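A.B. asks: Okay, handing you the structure first.
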Amino acid sequence: MSEFLATAINQVLIKGQFVVLVYFLAVNGWYLVLLVSSLIEMRRHMLLIADESRHLLLSSTLSPRISILAPAFNEEATIEVSLRALLALQYPSLEVIVINDGSKDRTVEVLKERFDLVPVKTIYQQRVKTKQVRDLYRSASYPSLVVVDKENGGKADALNVGLSFAQGELVCAMDADTLIEPDGLQRMVRPFLYATDVVATGGTIRVVNGSEVKLGRVVRARVPVNALAGMQVVEYLRAFLFGRLGWNRLGGNIIISGAFGLFRRESVLSSGGYLHDTVGEDMELVLRLRRLSYEREGPGRIAFVPDPVAWTEVPESMRVLGRQRDRWHRGLADCLWRHRGMLFNPRYGVTGVFVFPYYVFVELLAPVIEAVGLISLALGLAFHVVDWSFAGLFYLTAYGLGTALTAFTLILEDVSFHRYDSFRDRALLFWWAMLENLGYRQVTVYWRLRGLWKFLRGRKDWGAMERKGFQKPVGIAETN
Amino acid sequence: MVDRHFLNIVMLVEIALLVLAVAVFFAHGLWLFLNHRRVMRLTETARQSLARLVTRGTINLEDIELLRQLRHDVQVTVFLETSRNLTGSGKERLRFVAHEVLLIERARKLCESRLWTRRLRGERLLSRMDVADPIVVKLLSDENAAVRAQAAEWAAAQPSPPIIATMLTMLADPATQARFAVQDALLRMGSIVTEPLAAFLETHTGLPAESGLRVAGAIGGSRFLLAANRLSANENVGVRVAATNVLAAIGDVSSADRLATLLKDPDSGVRAAAARGLGRMQHWQSGSQLAECLRDSSWQVRREAGLALRAIGAPGALFLRRAIKGDDRFASDMAQQVLDLPEAAATAAG
């Protein structure tokens, strides 16, 4: 009987390994396609923007008005610097709406003190149901600043309130602690000026940890010395530069980062605004906009623009990062489940047949397959089905192509924007890219599986994010 | 079991890819570093030479030769950054030097290229140096939208009647990018476009009219009255909204009468724009019509009508108070909200 069991396990492990390896190669092969696509797209984009005089056309008085929606929850440490940076953005017609989502700290007090806020009344139409608005303020010093103080209801609720108060044709949804580069909006608005069917655009998010920040501006981009932050730099580069850019050419994106996205306000409102009962409200909205564009035969193009940059602080502790990744994966699972009708449905064009299945089988289920692979490898070693040299070879083969592709992403960054200019940064970036697969990636697999498990159990909590603030260069202590 | 030989082959391919990537990554870094140092040195020397040539007004052949020998990208960088800070005779001298160092010639050649990306670069160079070259006029009808848009941007600094005429025909450009650039360029040209634009609007409808009306709305002026009146009755909603905005921007008594009529338009966007316009003009004679709009089915129209009544002053406030006591609860609610607004907020919202 035990011999039979051992043979059965042996067979399962052998076949399992094969499936896992084929899966890894297929996924990485697809990544290769994405990389080539992003290379073509990046070259086209760079040629298009070479010697462009943004201060003329993109700062035209005919440009659409943009309302920045910055939800703030317990952002006392960073709100002043972030907001000053927002108010100094180079865009001709700008409105900044800070939505205090029932912060328990001194966020509103800081805003009142530093920005001469005075209580005002206004008439607004609540097209999406939200929590109660407590007070509305305008700044006596900055005419374009509006602060809405409301009861806590989560980020989606705060954004919906912001949508009600916004006057702009376009709304920029962001996190209150995101640092947008001065000409970021000018660059991001391009697709809206160039096409009428665009409903949303997303820019690149970069990691601010370790960089030198002065007055809410990143004056020098540095690669963090902190391992967790460093590996996230690599992840972000990969996600934005070849992930989203690659999809631009292959049929469109369905993700726009919640930290920096520009939307046509009317499209968002007519689709029902942000959903409250999901932790992936940004992805859900984009997916809904795509879906409705097919169903209503209206505009619904989602464009990713690589050159507008927003900087965000990433977690440097395993606990906080774990919570974030777990939440992201729950959000992904939730969105895909809500819109499962799109899967392989030709009615939804490329999104249904191509993009949606990719997100299900690659993004959502990857941790499951990866975990199966790792566990079967460990079991294989335990049951002496495989020897150590084979296990090592299998492991390196499975992760090798991904590492090579990551290295190519670094090249893409280097030939396009090359923000990290010193040898030290270059070496660090490469170092983190190589180390990423030796432990970090496996831990993220665990977090994502945990997220999937929580989703299956119906958990919808966010988990807290801890901020250091930008007053001093983040991570500078480690750098020196 | 997965064949070890297969794994070895895959592994070798991966290693080769990785080594290639690493080599390219660091080699590119090294190239960037060395190139940056060289470019910085060249740029600094070039800046000094160009500054001498532009500021002194005398031609130093050595400086010209130095600039001529420069790499094209350094030439472009130096001339464009200098161009940003010059106008009038300074810019004229810069153009002369650019001509002497063959930069203009090279830009012209780029404009004639079969590749749109090169044409774009060439015209960007001519555009940012404000070079009035007929080759760019040809590019106004280029097959690529980005090239047409850039040509339109160039045209903003060359407001001659034939160019304005071409630009007006481009208001019907199928590409949004080109249309937007044309609108922006016409606006930048200033009052010189008023007459031809007004004449254009008097004879056109549809997309070109809608695009032109946006420019007219930003320019303002009673010269657009005839066209705006005509187009405010157009069947296209977008055209009617744009025409209403132009009527509001004109702020004339005759435009006010038309705006009052437009309060009954079937489209809520037009009605809201008309109410907003009347409020901006503080047209107290339209008080009763605006009060009627407080009962409108569209929230936006009710809001604009309420704010317009508030802007009118005492007569408007009277209508608002009456509406509060009226039988329509939507009108009553809006009137109450408008009256509750502090002065500054009402002005800002209006």
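The values are calculated or read from the model by the stated rules, or taken from the named source; none is laboratory data. Only a predicted model underlies this, so the values are computations on that prediction, with no experimental measurement involved. Because the Cβ atoms are built from the backbone with ideal geometry, glycine has one as well, and the counts that use them run over all protein chains shown. Areas reflect the complete protein model, heavy atoms only, side chains present, ligands, DNA and RNA absent. Shrake-Rupley method; radii C 1.70, N 1.55, O 1.52, S 1.80 Å.
A.B. asks: Per-residue HN-Hα couplings for the range A:97-109, Karplus 6.51 cos²θ - 1.76 cosθ + 1.60 at θ = phi - 60°, whole Hz, x for Gly and Pro?
C.D. replies: Here the 3J(HN,Hα) series is 10, 9, 10, 7, 8, x, 4, 9, 9, 9, 3, 5, 4 Hz.
A.B. asks: Using a ≥ b ≥ c from the Cα gyration tensor of the range B:44-139 (square roots of the eigenvalues), is it rounded, prolate or oblate, where a/c under 1.5 gives rounded and otherwise the larger of a/b and b/c decides, a/b for prolate?
C.D. replies: prolate
A.B. asks: Note down the net charge around A:S38, summing +1 for each Lys or Arg and -1 for each Asp or Glu among other residues with Cβ under 15 Å from its Cβ.
C.D. replies: Residues near A:S38 contribute +1 overall.
A.B. asks: Given 20 °C and 1.002 mPa s, compute D for the range A:262-418 with the Stokes-Einstein relation, Rh being the Kirkwood radius over Cα pairs; round to the nearest whole µm²/s.
C.D. replies: 113
A.B. asks: Now a separate question. Show me, for the range A:373-385, the HN-Hα J-couplings you get by feeding each phi into the Karplus relation (A = 6.51, B = -1.76, C = 1.60, θ = phi - 60°), rounded to Hz, glycine and proline as x.
C.D. replies: x, 5, 5, 5, 5, 5, 5, x, 5, 5, 8, 6, 6
A.B. asks: Here's something else I'd like to know. So, R0 is 22 Å and r is the distance between the beta-carbons of B:A165 and B:L226; what FRET efficiency does that work out to, to 0.05?
C.D. replies: FRET efficiency, B:A165 to B:L226: 0.65.
A.B. asks: Can you compute the modelled spin-label distance between B:R71 and A:R319, with each label point 7 Å from Cα toward Cβ, in nm?
C.D. replies: 5.2
A.B. asks: Per residue of the range A:180-190, in order, report the coupling 6.51 cos²θ - 1.76 cosθ + 1.60 (Karplus, θ = phi - 60°) as ³J(HN,Hα) in whole Hz, putting x for Gly and Pro.
C.D. replies: 8, 5, x, 9, x, 6, 4, 6, 6, 7, 2
A.B. asks: So what does A:Y420 come to for accessible area, using a 1.4 Å probe and Å² rounded to 10?
C.D. replies: 10
A.B. asks: Quick one: length gained pulling A:E212 to A:A391 fully straight, 0.36 nm per residue minus the C-alpha distance?
C.D. replies: 60.2 nm
A.B. asks: Per-residue accessible area for B:L102 at 1.4 Å probe radius, Å² rounded to 10?
C.D. replies: 90
A.B. asks: Can you give me the % of accessible surface on chain B that is carbon or sulfur? Probe 1.4 Å, all protein chains present, nothing else counted.
C.D. replies: The nonpolar share, carbon plus sulfur, comes to 56 percent.
A.B. asks: Then there is this: What is the magnitude of the charge dipole of the range A:4-85 about its Cα centre, with +1 placed on the Cβ of each Lys and Arg, -1 on the Cβ of each Asp and Glu, and no other charges, expressed in debye to the nearest 20?
C.D. replies: Dipole about the Cα centre, nearest 20: 340 debye.
A.B. asks: Tell me, what is the FRET efficiency for A:R127 and B:E235 to the nearest 0.05, using R0 = 22 angstrom and their Cβ-Cβ distance as r?
C.D. replies: With R0 = 22 Å, the Cβ-Cβ based efficiency is 0.20.
A.B. asks: What is the gain in length, in nm to one decimal, between A:F383 and A:R65 on full extension, counting 0.36 nm per residue of separation less the C-alpha to C-alpha distance?
C.D. replies: Difference between extended and current length: 108.0 nm.
A.B. asks: A further question follows. Would you work out which of B:L102, B:L67, B:L125 lies farthest towards the positive end of the dipole of the range B:44-139? Charges go on Cβ: Lys and Arg +1, Asp and Glu -1.
C.D. replies: Result: B:L125.
A.B. asks: With a cap of 12 neighbouring Cβ atoms within 10 Å, and only residues DSSP puts in a loop, list the trypsin sites (Lys or Arg not before Pro) found in the range B:262-310.
C.D. replies: Counting only loop positions with at most 12 other Cβ atoms within 10 Å, the trypsin sites (Lys or Arg not before Pro) in the range B:262-310 are B:K264.
A.B. asks: Also, quick follow-up: Report, as an integer, the average count of C-beta atoms from other chains found within 10 Å of each Cβ along A:232-239.
C.D. replies: Rounded to a whole number, the mean comes out at 0.
A.B. asks: Across chain B, where is the longest run that never hits GluC sites (Glu not before Pro) in a DSSP loop with at most 11 other C-beta atoms within 10 Å?
C.D. replies: In chain B, the maximal stretch lacking such sites is B:1-142.
A.B. asks: Looking at B:L247, B:V54, B:M167, which one has the Cα that reaches farthest to the positive end of the dipole of chain B (charges on Cβ: Lys, Arg +1; Asp, Glu -1)?
C.D. replies: Result: B:V54.
A.B. asks: Put simply, what bits of the range B:9-42 lose 40 Å² or more of accessible area when the other protein chains are there, versus the chain on its own (1.4 Å probe)?
C.D. replies: B:M11, B:E14, B:L17, B:L18, B:A21, B:F25, B:F26, B:H28, B:L32
A.B. asks: Would you work out if chain B is rounded, prolate or oblate? Take a ≥ b ≥ c from the square roots of the eigenvalues of the alpha-carbon gyration tensor; rounded if a/c is under 1.5, else prolate when a/b is larger than b/c, oblate otherwise.
C.D. replies: The shape class here is prolate.
A.B. asks: Moving on. Once amide H atoms are built 1.01 Å from N in the peptide plane, which residues 5 or more positions from A:R206, or in another chain, come under 5 Å H to H?
C.D. replies: For A:R206, the qualifying residues are A:A310, A:W311, A:T312.
A.B. asks: With every protein chain present, what accessible area does A:F417 have (1.4 Å probe, heavy atoms only), rounded to the nearest 10 Å²?
C.D. replies: Using a 1.4 Å probe on the heavy atoms, I get roughly 40 Å².
A.B. asks: Please give the calculated 222 nm ellipticity per residue for chain B, where each DSSP H segment of at least 4 residues contributes -39500 (n - 2.57) and the sum is spread over every residue; nearest 500 deg cm²/dmol?
C.D. replies: -24500 deg cm²/dmol, from helical runs alone.
A.B. asks: Anything losing 30 Å² or more of accessible area from the isolated chain to the full protein assembly: pick those residues out of the range A:61-104, probe 1.4 Å, ligands and DNA/RNA ignored.
C.D. replies: Residues passing the criterion (a loss of at least 30 Å², heavy atoms only) are A:L62.
A.B. asks: A further question on this structure: Please name the residues of the range A:397-433 whose accessible area, counted over protein heavy atoms with a 1.4 angstrom probe, falls by no less than 30 Å² between the chain alone and the full protein assembly.
C.D. replies: Listed in order, they are A:T397, A:L401, A:A404, A:F408, A:I411, A:D414, A:R426, A:F430.
A.B. asks: Taking the Cα centre of chain A as origin, sum charge times position over the Cβ atoms of Lys and Arg (+1) and Asp and Glu (-1), and report the length of that vector in debye to the nearest 20.
C.D. replies: 660
A.B. asks: Specify which residue in the list B:S286, A:G272, B:F180 is farthest towards the positive end of the charge dipole of the protein assembly as shown, using unit charges on the beta carbon of Lys, Arg (+1) and Asp, Glu (-1), about the Cα centre.
C.D. replies: B:S286
A.B. asks: Looking at the square roots a ≥ b ≥ c of the eigenvalues of the Cα gyration tensor of the range A:26-109, which shape do they give, rounded for a/c under 1.5, prolate if a/b is larger than b/c, or oblate?
C.D. replies: Verdict is oblate for the range A:26-109.
A.B. asks: Counting only the backbone N, which residues of the range B:231-269 are under 12 Å from the spot 7 Å out from the Cα of B:L207 toward its beta-carbon?
C.D. replies: Taking a point 7 Å out along Cα→Cβ of B:L207, no residue of the range B:231-269 has its backbone N under 12 Å.
A.B. asks: If I stretch the segment between A:N345 and A:I14 completely, what's the gain in nm (0.36 nm per residue apart, minus their alpha carbon distance), one decimal?
C.D. replies: 115.7 nm
A.B. asks: As a test of the definition: with a 1.4 Å probe, what buried accessible area, both sides summed, do you compute for B against A, in Å² to the nearest 100?
C.D. replies: Interface between B and A: roughly 5000 Å².
A.B. asks: What number, rounded to the nearest 500 deg cm²/dmol, is the helix-based mean residue ellipticity at 222 nm of chain A, given -39500 (n - 2.57) per DSSP H run of at least four residues and division by all its residues?
C.D. replies: Taken over chain A, the calculation gives -15000 deg cm²/dmol.
A.B. asks: Please work out the Kirkwood hydrodynamic radius for the protein assembly as shown, using every pair of different C-alpha atoms, and report it in angstroms with one decimal place.
C.D. replies: Evaluated on the protein assembly as shown, it is 29.8 Å.
A.B. asks: Near B:R179, within a Cβ-to-Cβ distance under 14 Å, what is the net charge of the other residues, with Lys and Arg +1 and Asp and Glu -1?
C.D. replies: -2
A.B. asks: DSSP loop (so not H, G, I, E, B), at most 10 other Cβ within 10 Å: list which trypsin sites (Lys or Arg not before Pro) in the range A:27-117 pass both filters.
C.D. replies: The qualifying sites are A:K104.
A.B. asks: Among A:W388, A:W432, B:W284, A:W30, what's the order by accessible area (1.4 angstrom probe), most exposed first?
C.D. replies: Largest accessible area first, the residues go A:W388, B:W284, A:W30, A:W432.
A.B. asks: At what distance in nm do the modelled label points of B:L20 and B:Q282 sit from each other, each positioned 7 Å from its Cα along Cα→Cβ?
C.D. replies: 7.4
A.B. asks: Next question, about the same structure. In square angstrom, what is the accessible area per residue of the protein assembly as shown with a 1.4 angstrom probe?
C.D. replies: Per residue, the protein assembly as shown has 42 Å² of solvent-accessible surface.
A.B. asks: So if I take the centroid of the Cα atoms in the range A:145-174 and the same for the range A:352-402, what is the distance between those two points in Å?
C.D. replies: Answer, in whole Å: 42.
A.B. asks: Given H placed 1.01 Å from N in the peptide plane, which residues other than close sequence neighbours of A:A72 have an amide H under 5 Å from its amide H?
C.D. replies: So A:A72 has HN proximity to A:I99, A:N100, A:D101.
A.B. asks: Okay, moving on. Put a dot 7 Å past each Cα toward the Cβ at B:D252 and A:R249; how far apart are the dots in nm?
C.D. replies: According to this spin-label approximation, the distance is 5.4 nm.
A.B. asks: Return the subset of A:K129/B:K325; A:K131/A:K214; A:K112/A:K155; A:K129/B:K264; A:K104/A:K155; A:K121/A:K150 for which the Cα-Cα distance in this structure is over 26 Å, preserving the input order.
C.D. replies: Pairs exceeding 26 Å: A:K129/B:K325; A:K131/A:K214; A:K129/B:K264.
A.B. asks: Here is a follow-up. Give the residue list of chymotrypsin sites (Phe, Trp or Tyr not before Pro) in the range A:333-377 that are DSSP loop and have at most 16 other beta-carbon atoms within 10 angstrom.
C.D. replies: A:F344
A.B. asks: Another question, then. Please build a GNM for chain B, connecting alpha carbons under 10 Å apart, and tell me which residue among B:D340, B:D296, B:D257 fluctuates the most.
C.D. replies: B:D340
A.B. asks: Can you tell me what the convex hull of the Cα atoms of chain A projects to on average, as an area in nm²?
C.D. replies: Orientation-averaged projected area of the Cα hull: 23.9 nm².
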